[in-house]
Amino acid sequence: MYSVESLLRDIKNTSLSKPFRILNVCGGHERAITRAGFRTLFQHNIHLIPGPGCPVCICPEEDIAYAIHLAINENVVIVSFGDMLRVPVEHEMGGCSSLIDAKNQGADIRPISSPQEAVSIALEEPRKVIVFFAVGFETTMAPIAATLLNDLPNNFKVLLSGRLTWPAVAHVLESQPNTFDALIAPGHVATIMGSEEWQFAIDHHNLPVSIAGFHPESLLLSLQTLLGNCSNKVVTLSNRYPEVVKQNGNAAAKAIINKAFTIVDAHWRGIGVIPGSGFSFASRLSHLDATNDYAPVDFPSQCAQNVPETTSPCEKVILGKMAPDACPFFGQECKPASPKGACMVSDEGACRIWYSSGERSITNVIKKGNTLKVEMK
């Protein structure tokens, strides 16, 4: 057994000749790292860099715009997970810049906490068409798949915007070679898909990978392991969340996902189209696709044209190119109560986490005698 104190001591005693840059993908990991104050506990040259691990942040604008369009112009009820209601789009749709705007203008839009709750609303209100705006990564798509494979009421439709995590990480690594030195892989996704899914980072990018849980011991064990890889000049895949993550993942959950969905090229907000990164309906469930029943909408966003945003720095935060507080809008025009960008909405978004926790970038470490003074941005 390891104690937090011993792990912290080992990490702090690790000698590094240059900054060690670790990409931590998962929004849950970023929240745990920030709340634990890890960045201020470690030496200045251990850099923990948040990546594209927030499904709300990367949901494409055209999907949100289409949901707004349906809510305003069609006789439907839009239901989605609560955070999605507040995600802004760059160009307004029908005078609304978010689903909550449309709700405030009278559209029937309701927050839910589970896919089964969406089905319950459809059963309770059979004369209304219920459109479930389904957003999430593999961990969320598994229960969504299980729900969709059940007998569903005829008034239940789905606007699907699910994404696979590893292709986005592969895109970040491929588009920014030699930027990162190691990877902390998301524990919940690995619980479903298995630890072996992250072998690509070793095989194609020569980066050590450690799968972490969400408690301090697991995250610190991952950091210790990655630093050990650096010191010993080896590259390994380690599982520091073995109580739930297995090599091949959850076979039952993967079978349900494969039965309900097919894998397609998909657009990510702030990134563009990533091959093989999205979920689409398997043929047996194609009747649930809301886009079959309602006409498409002409949305003028650059994202709809498969190129990244240009007016918001969110894409730089999503890609690990910029710390949240380096954004000129952070804490000014962009706050949780009035988000300008998607990264300030969800509690898995890096900007929201940093703002709510008071996190700031470390810009300098000054040694005075035997003490270190950390200057924050």
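How about region 169-270: which trypsin sites (Lys or Arg not before Pro) there are in a DSSP loop, with at most 13 other Cβ atoms within 10 Å of their Cβ? Sites meeting the loop and neighbour criteria: Lys233.
Other residues lying with their Cβ under 11 Å from the Cβ of Glu197 contribute a combined charge of -1, Lys and Arg counting +1, Asp and Glu -1. Protection proxy ranking for 72-83, 340-351, 146-157, 182-193, using the average of other Cβ atoms within 10 Å per residue and placing the highest first: 340-351, 182-193, 72-83, 146-157. Rounding to the nearest 10 and keeping the result within 0 to 90°, find how far the Cα-based axis of helix 165-175 lies from the longest principal axis of the chain. On a 0 to 90 degree scale, this one is about 60.
Compared with the dominant Cα axis of the chain, that is its longest principal axis, helix 61-73 is turned about 30°. Give me the percent of the accessible area of the chain that comes from carbon and sulfur atoms, probe 1.4 Å, all protein chains in place. The value for the chain is 49 percent carbon and sulfur by accessible area. Normalising the Debye intensity of the chain to I(0), with uniform scatterers on Cα atoms only, and taking log10 at q = 0.09, 0.12 Å⁻¹ returns -0.53, -0.91.
Each of Gly27, Ser15, Ser120 was scored by the projection of its Cα onto the charge dipole of region 1-142, and the greatest displacement toward the positive side belongs to Ser15; charges sit on the C-beta of Lys, Arg, Asp and Glu. A convex hull fitted to the Cα coordinates of region 313-357 yields 59 cubic angstrom per residue. Against the chain, whose longest principal axis is taken from its Cα atoms, helix 216-232 shows a tilt of about 60°. Here's the list of aspartates and glutamates a cross-link from Lys18 could span, going by alpha-carbon distance under 15 Å and ignoring same-chain residues fewer than 8 apart: Asp181. For the peptides 101-114, 280-293, the ranking by packing is 101-114, 280-293, with the highest mean count of neighbouring Cβ atoms within 10 Å listed first. Put simply, the amide H of Phe81, placed in the peptide plane, has neighbours under 5 Å in Ile112, Val135, leaving out anything fewer than 5 places away on its chain. Using Cα positions and a limit of under 20 Å, work out the aspartates and glutamates in reach of Lys246, with same-chain residues fewer than 8 apart set aside. By straight Cα distance, Lys246 reaches Glu138, Glu196, Glu197, Asp203, Glu217. Straight-line reach from Lys316: taking Cα to Cα under 12 Å and skipping same-chain neighbours fewer than 8 places apart, the aspartates and glutamates in range are Asp325. For the chain, a crude dipole built from +1 on the beta carbon of Lys and Arg and -1 on the beta carbon of Asp and Glu, taken about the Cα centre, is about 1400 debye to the nearest 20.
Per residue, the accessible area of region 313-357 comes to 39 Å², computed with a 1.4 Å probe over protein heavy atoms only.
Centre-to-centre separation between the Cα atoms of region 123-152 and those of region 319-340: 32 Å.
The values are calculated or read from the model by the stated rules, or taken from the named source; none is laboratory data. Computed from a predicted structure; not experimentally measured. Don't worry about glycine lacking a Cβ; one is built from the backbone with ideal geometry, like all the others, and counts go over all protein chains shown. These accessible areas exclude ligands, DNA and RNA; they are computed on the full protein's heavy atoms, side chains included. Shrake-Rupley method; radii C 1.70, N 1.55, O 1.52, S 1.80 Å.
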